[in-house]
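Each remark here refers to the structure printed beneath this line.
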Amino acid sequence: MNSVFLPSSLLLHPPALHQSALCTHSQPQYNFCRNNHQRLCSLSLKSPVISRHSLRHRHLSTGATAPSNEGEGAVAVFNFEDFPEKDWSFLETGDINSDEELKRKINLILSAGEIEETSRVLVSIGSEGFVDQIMNSLTCQLLLVVHDSLLVLCCIKEKHDLVRCWQGELIYVPEKWAPFDVVFLYFLPGLPFELDQIFGALGKCCLPGARIVISHPQGREVLEKQRRQFPDVVTSDLPDKMTLQNVAADHSFQMIEFVDKRGFYLAVLKFSGNDSGK
């Protein structure tokens, strides 16, 4: 296997030890390697490979095998039976390129962020299509995607080398990428935290004037169906206006737009931060 590792600035970083079942005391990192046929995820301890195929077919028995030697020696391939991978496929609700209504809603969400070329953007639990739309239509200084799914991040990284990816929870994002100008909470109901915790964490990593965009392109009705079908993934509801406004205000966020229609949810907040002290 003729592999070329990407620069360290583009590594897919794991969460803290207590957040990941794959981490060991040696604190391995998830890197991305490339060969002539495909891109693979690898664990940097001894370069075992976790392929997209093995992630999608997790019912294979746990263990290591040695694939054929292509000149670099045997590489251990791991199939993790108990790999903590949830099914996030329901977020890909349609093809943005062919579904004009979905494309219109995604564009409304992106427009609410007011992304500029100098913006540092954070996306929490975003779909592949949503990240594609950002990369295909907008320019920013930094795009960091945070997700607890290694598979989703692999698929995003496979298409967009410049996107930074971090596997873990939003409230534990390392400070090295901060501060952010724009934060998209694309699927807030998938975060296993209270609103107070979320805004508390965002208040520590956002610049004054930063915009927080909370959205669901299909609204509450579809969310309820998703919650019944995926109770292990959809752990909360979308906040109503009064609840969101009160919690956000406690952390210096001001609501500037709120839309809660049957088929579309959008809340935009602005971080005042240290503005009051200037």
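For this structure, a couple of remarks:
- Identity of the residue in region 216-262, among the aromatic types (Phe, Trp, Tyr) and part of a strand (DSSP E or B), that ends up most open to solvent (accessible area, probe 1.4 Å): Phe258
- Counting the residues of region 131-145 that are part of a helix (DSSP H, G or I) and either farther than 16 Å from Lys159 by Cα or free of Cβ contacts under 8 Å to residues at least 24 places away in the same chain (or both) gives 1.
- Residue in region 189-196 that is in contact with a Leu (Cβ under 8 Å, 6 or more places away or on another chain), touching a residue at least 40 places away in the same chain (Cβ under 8 Å), not aromatic (Phe, Trp, Tyr) and not in a helix (DSSP H, G or I) present: yes
- Every pair of residues 6+ apart whose Cβ atoms lie under 9 Å, when the first sits in region 236-248 and is free of Cβ contacts under 8 Å to residues at least 40 places away in the same chain and more than 20 Å from Pro192 (Cβ to Cβ) while the second is open to solvent by 70 Å² or more (accessible area, probe 1.4 Å) and not in a loop (DSSP other than H, G, I, E, B): Gln245/Gln254
- Of note, Asp181 satisfies the criterion of being part of a strand (DSSP E or B) and either out of contact with any Leu (no Cβ under 7 Å at 6 or more places or on another chain) or touching a residue at least 24 places away in the same chain (Cβ under 8 Å) (or both).
- Output for region 144-169, where each listed residue is open to solvent by less than 10 Å² (accessible area, probe 1.4 Å) and of a type in the set (A, V, I, L, M, F, W, C): Leu144, Val145, Val146, Leu150, Leu153, Cys154, Cys155, Ile156, Val163, Cys165, Trp166
- Residue ID - farthest from the chain's Cα centre (by Cα), chosen from residues in region 170-181 that are of a type in the set (A, V, I, L, M) and either more than 16 Å from Gly200 (Cα to Cα) or open to solvent by 20 Å² or more (accessible area, probe 1.4 Å) (or both): Ala178
The values are calculated or read from the model by the stated rules, or taken from the named source; none is laboratory data. Remember, predicted model here, so these are calculated numbers, not experimental data. Note that each Cβ is placed from the backbone with ideal geometry, even for glycine, and that neighbours are counted across all protein chains shown. Areas reflect the complete protein model, heavy atoms only, side chains present, ligands, DNA and RNA absent. Shrake-Rupley method; radii C 1.70, N 1.55, O 1.52, S 1.80 Å.
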